[in-house]
Structure formats: C-alpha cells, structure tokens
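First comes the structure, then the notes that go with it.
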Amino acid sequence: MRERFTHLAPAFLVVVAFVAAASPLAAQKLETGFLDRSVLVNKNEYRYQVYVPRGFTRKKMWPVILFLHGGGEYGSDGIRHTNVGLGRAIRERSERFPTIVVLPQARADGTPGWQLEGGEAALAALDSAVKEFRGDPSRVYLTGLSAGGNGSWSLASRYPKRFAAAVVVCGFITKFTGRSSAVEYPALSPAEAPDPYGFIAMRVSTIPIWIFHGDADTSVPVDESRKMHAALKAVGGDVQYTELAGIGHNAWDAAYGRADVIEWMLRQRRK
C-alpha cells in the first residue's frame, strides 16, 4: 500500500497545485455598479457604461435596458450622460433596477444623435453587454429622453423585433433643431408619407410603449407625443401616455423616478 501511495503522490500533487492555482480566480468578486466599456464602429471609438446590479450572478439570464441620453450629453468623456435621466435614477434608487442597463454616449460631431452612426454604436454596445452579462434577448428594453426619445422612435421603428418594450420621454419624430446642441434632426418618416406619425406608429405597433411628456415643454412640443399616442391608438398599438401637468422639458426625472415605470418595463417580454 505504501508503494502504491508513493507512486500516486506526484499526480496527486499536480491536482492539488492546479486547484490551488485556480482558487483565486474562483474567489474573484464579480464587478458591479457602473462599469466603463467601449466599442468601435467604423474605426470610431464610442465609450459607454454598463450598470450591473449588486446581486448580479452568471447563474441566470438578466433583463437589459438600453438608455439613450439627450442632446446636452453628447461627447466622448464616457461619464456625463450617466448623471442625467436613467443613470441618475439608478444612483438615487438602485434597488429599483434589478437589471443590466446599457448607457452609450453619442459623439458631439454634429450628426443627428442616434439616427446614424450613434445608433449603430448604441446597438453594438447593447449586443456586447448582452453577451458579457448574460442578457436575455427576450427582455431587452429601450428608453430615451429628448434627442434620446427621438433615437428611441428611430431605433424602435427600424428594429422593432429587438425590443420587448419602450419608454419614450419628450421625444419627437418630425424635423427638429436641437436647442442645446443646434443639431439638425431629419424627420424619421419619409417626405412622401401622408401621415408621418402614422408611418412610425405602424412600424412600432408591435412594441408595448409608454410615452411621457410635460405639457409646459418649450423645447420639444408636447404635440409630438400627443400625436404619436393618437397614431398608435389608431393602429391598435399597446400604448399608454402620461402628460405631466406644469412640467417643462425635464420630464425625465418624474418619469424615471416612478417605480411603476421600471416595474412595467421589466414585466414585458418580446413575443
């Protein structure tokens, strides 16, 4: 018996050494909170952040929210856009967000936000986060404010099968010039469309949508949201509209500060 044990000892020591070497890796704590990431689109770097909730585990799949910021947060610093809108709401009440949140930043290059390359970068960031953090493809959600609301209508109308639900805050679909950025935003509907709101409504009608807008908004006319709500109702869309009395352009603090908005979003699944 002693000889047999001596013969097996080297192999046993190799196994022990392997386990000992691997144990620090197994003991590593998963990163949570706001994490810096970036993607390359057409050789341009786009920085974004991913919020990972404290209870994150790779043992299950997670819902994922894509948040598009407004025109005041264009840039390449990778951080400013996380202090407005959904990022701010997460920092104030993180317990309401048991979800992965992707927060891309569009470049300040004079292009219309999320309609062109910025939108491609947002989707690339979304795809990367879904892969890295075990995102559930049937529970991917879209939301944005102001220029990000325009971006939400844009991405939802072009890629409706990607999203299980959308929350659009003070968005617009017609031709518009940004108040803070001076960026020219083309209309999302083609010029020949007889009803621009109806055109977009038909394209997004399969997505449950919740629209928010302040009735005192002097930057983006409240009629943009009223008309989109009416157009979606006309085509049988699953839509609800909350108009905030006395609220100006900053409808996002009220919208994202409501626990029921996030709860509603996370209940939806892509069919």
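The table that follows gives values for the structure above.
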{"item": "Members of the range 225-254 that are of a type outside the set (A, V, I, L, M, F, W, C) and either at pLDDT below 95 or under 30 Å from SER138 (Cβ atoms) (or both)", "result": "SER225, HIS229, LYS233, GLY236, GLY237, ASP238, GLN240, TYR241, THR242, ASP253"}
{"item": "Residues (of a type in the set (Phe, Trp, Tyr) and crowded, with 19+ Cβ neighbours inside 10 Å) located in the range 231-271", "result": "TRP252, TYR256"}
{"item": "Residue in the range 63-82 that is charged (D, E, K, R) and closer than 19 Å to VAL140 by Cα present", "result": "no"}
{"item": "Some residue of the range 53-60 being open to solvent by less than 20 Å² (accessible area, probe 1.4 Å), part of a strand (DSSP E or B) and at pLDDT 95 or above", "result": "no"}
{"item": "Residue identified as surrounded by 10 or more Cβ atoms within 10 Å (Cβ to Cβ) and either among the hydrophobic types (A, V, I, L, M, F, W, C) or at pLDDT 95 or above (or both) among ALA17, ALA21, ALA26", "result": "ALA17"}
{"item": "Members of the range 148-185 that are assigned to a loop (DSSP other than H, G, I, E, B), in contact (Cβ under 8 Å) with a residue 40 or more places away in the chain and either among the aromatic types (Phe, Trp, Tyr) or in contact with a strand residue (DSSP E or B) (Cβ under 9 Å, 6 or more places away or on another chain) (or both)", "result": "PHE163, ALA164, CYS170, GLY171, PHE172, THR174, GLY178, VAL183"}
{"item": "Any hit, the range 95-105, residues being at pLDDT 95 or above, over 25 Å from LYS161 (Cβ atoms), in a helix (DSSP H, G or I) and open to solvent by 10 Å² or more (accessible area, probe 1.4 Å)", "result": "yes"}
{"item": "Residues (in a loop (DSSP other than H, G, I, E, B) and under 15 Å from the mean Cα position of the chain (by Cα)) located in the range 66-77", "result": "HIS69, GLY70"}
{"item": "Any pair with Cβ under 8 angstrom, 6 or more apart, that starts in the range 108-129 at a residue that is modelled with pLDDT of 95 or more and open to solvent by 50 Å² or more (accessible area, probe 1.4 Å) and ends at one that is not in a loop (DSSP other than H, G, I, E, B) and not small (Gly, Ala, Ser)", "result": "GLU120/VAL41"}
{"item": "Qualifying residue in the range 111-132 (condition: assigned to a strand (DSSP E or B) and acidic (Asp, Glu))", "result": "no"}
{"item": "Count of residues meeting criterion [open to solvent by 50 Å² or more (accessible area, probe 1.4 Å), among the aliphatic types (A, V, I, L, M) and part of a loop (DSSP other than H, G, I, E, B)] in the range 188-215", "result": "1"}
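The values are calculated or read from the model by the stated rules, or taken from the named source; none is laboratory data. The structure displayed is predicted, hence computed values, not measured ones. Heads up, the Cβs are rebuilt from the backbone with ideal geometry, glycines too, and the neighbour counts pull from every protein chain shown. Surface areas here come from the heavy atoms of the whole protein model, side chains and all, with no ligands, DNA or RNA. Shrake-Rupley method; radii C 1.70, N 1.55, O 1.52, S 1.80 Å.
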